[in-house]
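The values are calculated or read from the model by the stated rules, or taken from the named source; none is laboratory data. What you see is a predicted model; the values in this text were computed from it and never measured. All Cβ positions, glycine included, derive from the backbone under ideal geometry; neighbour counts span all protein chains shown.
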Amino acid sequence: DGGITQSPKYLFRKEGQNVTLSCEQNLNHDAMYWYRQDPGQGLRLIYYSQIVNDFQKGDIAEGYSVSREKKESFPLTVTSAQKNPTAFYLCASTVQGTGGQPQHFGDGTRLSIL
Amino acid sequence: DAKTTQPNSMESNEEEPVHLPCNHSTISGTDYIHWYRQLPSQGPEYVIHGLTSNVNNRMASLAIAEDRKSSTLILHRATLRDAAVYYCILSPLNNAGNMLTFGGGTRLMVKP
């Protein structure tokens, strides 16, 4: 079945540590996205990529970094500069195109501070 | 960017129809209306989208007002599995990055 796989499902970070969240898709989608969701809130865009080796900052990119070396993969690194990283992180993808294209989401990674 | 307004929460009885409203009074002529839902501890799931005409699919129906300033997501027979947060989102036709802006959504509770 085609879809988006996020791993791990739960992740714990120590103070001063960088952690990397994985996102893989086998939908042959060009565009991929990372969102952050805090309890009781909607999703906020961290980074997005429309093509391999290219990505743009979203609304809350500070303290995060990404790479897009392969079409199928879009890992997110939460750096030590992100002072409040505890949240639910969601990855999504879509075919490249106009605003009429739906996004497909993974099941998320829940990150907590030790 | 055009914004949407939704009630914070709604309640429904199982097996009854549910009408989830969304106001988007500043919508432009080329904004698509998208609906997603998010079950607890899961990623959002695409439900339906439309531009001007009403739309139906296996999950729901989307009724769009003639002036496009509001829309309604219709679940024809609510089940307990439909309990989720429902998001109404506008996405411009020329949205090359296809970015979505999520608001707070409507939390739907379904009573057995």
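Annotation: A:GLU72 fulfils all but one of (1) within 14 Å of another protein chain (Cβ to nearest Cβ); (2) modelled with pLDDT of 90 or more; the unmet one is (1).
Of all residues in region B:13-58, those that are more than 11 Å from B:LEU73 (Cβ to Cβ) and crowded, with 19+ Cβ neighbours inside 10 Å total 7. Within region B:78-112, can you find the residues that are over 15 Å from the mean Cα position of the chain (by Cα), at the interface with chain A (Cβ under 7 Å from one of its Cβ atoms) and in contact (Cβ under 8 Å) with a residue 40 or more places away in the chain? Passing the criteria: B:PRO92, B:LEU93, B:ASN94.
For region B:51-66, the criterion of being at the interface with chain A (Cβ under 8 Å from one of its Cβ atoms), at pLDDT below 95 and out of contact with any helix residue (DSSP H, G or I) (no Cβ under 9 Å at 6 or more places or on another chain) is met by at least one residue. Of the conditions (1) assigned to a strand (DSSP E or B); (2) in contact (Cβ under 8 Å) with a residue 24 or more places away in the chain; (3) not basic (Lys, Arg), A:SER65 clears all except one; give me its number. So A:SER65 meets the others, but not (2).
Residue pairs whose Cβ atoms lie under 6 Å apart, sitting 6 or more positions apart in sequence or on different chains, and linking a residue in region B:55-68 that is over 17 Å from B:ILE89 (Cβ atoms) to a partner that is surrounded by fewer than 17 Cβ atoms within 10 Å (Cβ to Cβ) and of a type in the set (A, V, I, L, M, F, W, C), are B:SER61/B:ILE74.
Give region A:75-107 a look and list any residue that's part of a loop (DSSP other than H, G, I, E, B) and more than 14 Å from chain B (Cβ to nearest Cβ), or say none. Matches in region A:75-107: A:PRO75, A:THR79, A:SER80, A:ALA81, A:GLN82, A:LYS83, A:ASN84, A:PRO85, A:THR86.
If a residue must be within 9 Å of chain B (Cβ to nearest Cβ), surrounded by fewer than 16 Cβ atoms within 10 Å (Cβ to Cβ) and in contact with a Lys or Arg (Cβ under 9 Å, 6 or more places away or on another chain), how many such residues does region A:48-64 contain? Reasoning before the result, please.
We begin by selecting, within region A:48-64, every residue within 9 Å of chain B (Cβ to nearest Cβ); these are A:48, A:50, A:56, A:58-59.
Among the residues that remain, those that are also surrounded by fewer than 16 Cβ atoms within 10 Å (Cβ to Cβ) are: A:56, A:59.
Those still in the list that are in contact with a Lys or Arg (Cβ under 9 Å, 6 or more places away or on another chain) too: A:59.
Final tally of qualifying residues: 1.
Scan region A:1-13 and tell me whether some residue there is basic (Lys, Arg), outside any strand (DSSP E or B), over 28 Å from B:THR30 (Cβ atoms) and modelled with pLDDT of 95 or more.
Our first condition is that a residue be basic (Lys, Arg); within region A:1-13, this holds for A:9, A:13.
Retained after the next criterion (residues that are outside any strand (DSSP E or B)): A:9.
Of the ones still in play, those that are also over 28 Å from B:THR30 (Cβ atoms) are A:9.
From what is left, the residues that are modelled with pLDDT of 95 or more are A:9.
Checking region A:1-13: at least one residue is basic (Lys, Arg), outside any strand (DSSP E or B), over 28 Å from B:THR30 (Cβ atoms) and modelled with pLDDT of 95 or more.
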